[in-house]
Amino acid sequence: MNKYFALMLAVSSLSTVVYADSSSEQGNYLKIKSEYAKADSELNNIYRQQILEYKNVGAEFYGQRESKDIYLKKSQIAWIKIRDADCDYETYESRTGTAFSSIYEQCLLDKTSERIKYLNENN
C-alpha cells in the first residue's frame, strides 16, 4: 500500500511539473505573440506612411515609369517571402518540440524589428 501511495504521489508531482512547464511555455508564447503583434502593427504603419510619402516621387525624373512607392511595395513583398522562408529554415530543428510556436514567433518578431529599423534608416 505504501509503495502504491508513493508511486501515485510521484506521478502526481511529475504531472504538476510538466503542467507548470507547459503553462510557462504558453505564457512565454503569448508574451512573444503580443510583442510580435505590436511590432507588426508598427511595421504596417511605417509602410503605409512611406507609401503615401513616395507616391509619384521620382516618376518624373530620368524617364522613370514607376514612382518610389512601387519599389517599396516590391521590396516589401520580397521581404515577406524571405522572412517566412528564413524563419522556416532557422526553426526547422525545433518543429517537433513543445517550444516551436514560441521560437517561430520570436523569429518573426526579430525579423520584423530588423525591417522596422531598415525602413526607418532608409526613409
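Pairing each residue of the stretch 44-64 that is exposed (fewer than 13 other Cβ atoms within 10 Å of the Cβ) and of a type in the set (K, R) with any residue that is in a helix (DSSP H, G or I) and at pLDDT below 95, provided the two are 6+ apart or on different chains, yields C-beta distances under 7 Å for K55/D69. Selection over the stretch 81-98 of residues that are part of a helix (DSSP H, G or I) and surrounded by 13 or more Cβ atoms within 10 Å (Cβ to Cβ) gives a count of 6. Need the failing condition index for Q64 against (1) at pLDDT 85 or above; (2) touching a Gly at 6+ places or on another chain (Cβ under 8 Å); (3) over 25 Å from K117 (Cβ atoms), just the number. It fails just one condition, (1).
The values are calculated or read from the model by the stated rules, or taken from the named source; none is laboratory data. Because the structure is a prediction, the values reported are computed rather than measured. Neighbour counts run over all protein chains shown; Cβ positions are idealised from the backbone, glycine included.
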